[in-house]
Amino acid sequence: MLESLYLNLGQHDAISDAEKALLSGAMTFERSFATGQDIVSSGSRPTYSTLILDGLAARYKVLEDGGRQFTSLQVPGDFVDLHAFLLKTMDHGIVALSPCHVIFADHSKLRAITEQAPHLTRLLWLDTLVDGAIHREWIVAMGRRSKISHLAHLVCELFVRLQVVKHTTDMSFHLPLSQAELADVLGLSIVHMNRVIGALRQSGVVTWSNYTVTILDWHRLQEVAEFDPTYLSMMREPR
């Protein structure tokens with residue numbers, strides 16, 4: 001059940017059977033969420049952290065005028081709110097972008113892990129640091145990349161992250177986002193978003209049909225995106 005989490009953490013450093021048992025023991029109950037439903041609400045004070053087992057979710061903020069901005073996408077194996085363990089109050093929401101199945105880790109049990117298992121604690125800390133690195137890349141993409149480069153970078157990032165947790169098929173992956181939701185990722189109007197998707201298709205590096213993205217030329221896609229996966233800290237080494 002926690003295989004995606006083990007794969008996610010294990011890409012950074014070896015994780016022992018004892019550490020897997022500690023993580024499994026921290027989990028309390030499971031729940032499913034429908035598309036569009038908040039998994040975690042802004043302003044809430046959760047006493048657990050939420051791990052995605054299946055589905056796609058997003059962190060988001062909403063402005064007073066109703067405008068919504070996604071600040072990251074969350075895939076299986078991601079703790080969507082591990083930082084709430086220390087921050088206490090959520091300053092953003094997490095919404096299900098597809099049907100999502102999640103499991104909750106009790107904060108009291110996470111605290112026990114920090115006291116008993118320093119290596120596992122470092123891996124969980126690294127998980128939050130990678131979240132921060134992803135946010136930095138998204139800020140750079142939003143502010144400085146062309147929109148086609150921004151979208152190409154998103155495709156590269158999602159493919160690599162989903163490949164780690166074995167949610168890709170060859171060079172294809174499922175991306176169940178509407179154009180309106182993609183517009184909330186890139187900060188565009190729906191009309192402009194449609195043009196950007198069309199331009200990426202016409203470049204010949206991907207096909208995009210029925211929520212399935214297939215990468216036709218990985219090296220060229222990386223060039224268009226200026227994608228360097230260093231920020232994902234995927235090199236396995238002692239931590």
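Remarks
- Estimated 222 nm signal from helices in the chain, with DSSP H stretches of n ≥ 4 weighted -39500 (n - 2.57), rounded to 500: -13500 deg cm²/dmol
- Net charge dipole size for the chain [Lys, Arg +1 and Asp, Glu -1 on Cβ; Debye, nearest 20]: 300 debye
- Principal-axis analysis of the Cα atoms of the chain puts helix 118-144 at an angle of about 20° to the longest axis.
- In region 1-100, taking the dipole from charged Cβ atoms about the Cα centre, the farthest positive-side position among GLY77, ALA14, THR50 is held by THR50.
- Ordering ILE134, PHE159, THR114 by Cα displacement along the dipole of region 107-187 toward the positive end leaves THR114 in first place; charges were set at the Cβ atoms of Lys, Arg (+1) and Asp, Glu (-1).
- Placing unit charges on the Cβ atoms only, positive for Lys and Arg and negative for Asp and Glu, gives region 136-217 a dipole magnitude near 200 debye about its Cα centre.
- Each residue of region 215-228 is assigned a 3J(HN,Hα), and the resulting list reads 8, 8, 9, 4, 5, 5, 4, 4, 5, 4, 7, 6, 8, 10 Hz, derived from the Karplus form 6.51 cos²θ - 1.76 cosθ + 1.60 (θ = phi - 60°), x at Gly and Pro.
- 3J(HN,Hα) from dihedral phi, region 6-19, Karplus parametrisation 6.51/-1.76/1.60, rounded to Hz, x for glycine, proline: 5, 5, 5, 5, x, 5, 8, 6, 4, 10, 7, 4, 5, 5
- Counting protein heavy atoms only, the chain has 54 percent of its accessible area on carbon and sulfur, 1.4 angstrom probe.
- Between SER178 and ARG239, the modelled label-to-label distance comes to 3.6 nm, taking each label 7 Å out from Cα in the direction of the beta carbon.
- Region 97-239: C-alpha gyration tensor shape, a/c 1.5 cut-off, then a/b vs b/c: prolate
- At most 10 other Cβ within 10 Å, DSSP loop - chymotrypsin sites (Phe, Trp or Tyr not before Pro), region 128-205: none
- Over region 71-196, accessible surface divided per residue gives 41 Å², non-protein components excluded, 1.4 Å probe.
- The chain, relative contact order [Cα under 8 Å, separation at least 6], %: 24 percent
- Exceeding the 24 Å Cα-Cα cut-off - candidates LYS61/LYS109; LYS88/LYS166; LYS88/LYS147; LYS61/LYS147: LYS61/LYS109; LYS88/LYS166; LYS88/LYS147
- Using a probe of 1.4 Å on the protein chains alone, the accessible area found for THR114 is around 70 Å².
- Shape analysis of region 106-188 places it in the prolate category; the axes a ≥ b ≥ c from the Cα gyration tensor give an a/c of at least 1.5, with a/b above b/c.
- Axis of helix 107-116 versus longest Cα principal axis of the chain: the two differ by about 70°, to the nearest ten degrees.
- Estimated FRET transfer efficiency when R0 is 30 angstrom, pair ALA18-SER44 (beta carbons, to 0.05): 0.40
- Region 64-143: C-alpha gyration tensor shape, a/c 1.5 cut-off, then a/b vs b/c: prolate
- Backbone phi angles across region 64-78, fed through the Karplus curve with coefficients 6.51, -1.76 and 1.60 (θ = phi - 60°), yield HN-Hα couplings of 4, 7, x, x, 10, 10, 7, 10, 5, 10, 10, 10, x, x, 8 Hz in residue order; Gly and Pro are listed as x.
The values are calculated or read from the model by the stated rules, or taken from the named source; none is laboratory data. What you are looking at is a predicted structure, and each value in this text was computed from that prediction instead of being measured. Cβ atoms come from the backbone with ideal geometry, glycine included; neighbour counts cover every protein chain shown. When the accessible area is computed, the model is the full protein with side chains, heavy atoms only, and any ligands, DNA or RNA have been set aside. Shrake-Rupley method; radii C 1.70, N 1.55, O 1.52, S 1.80 Å.
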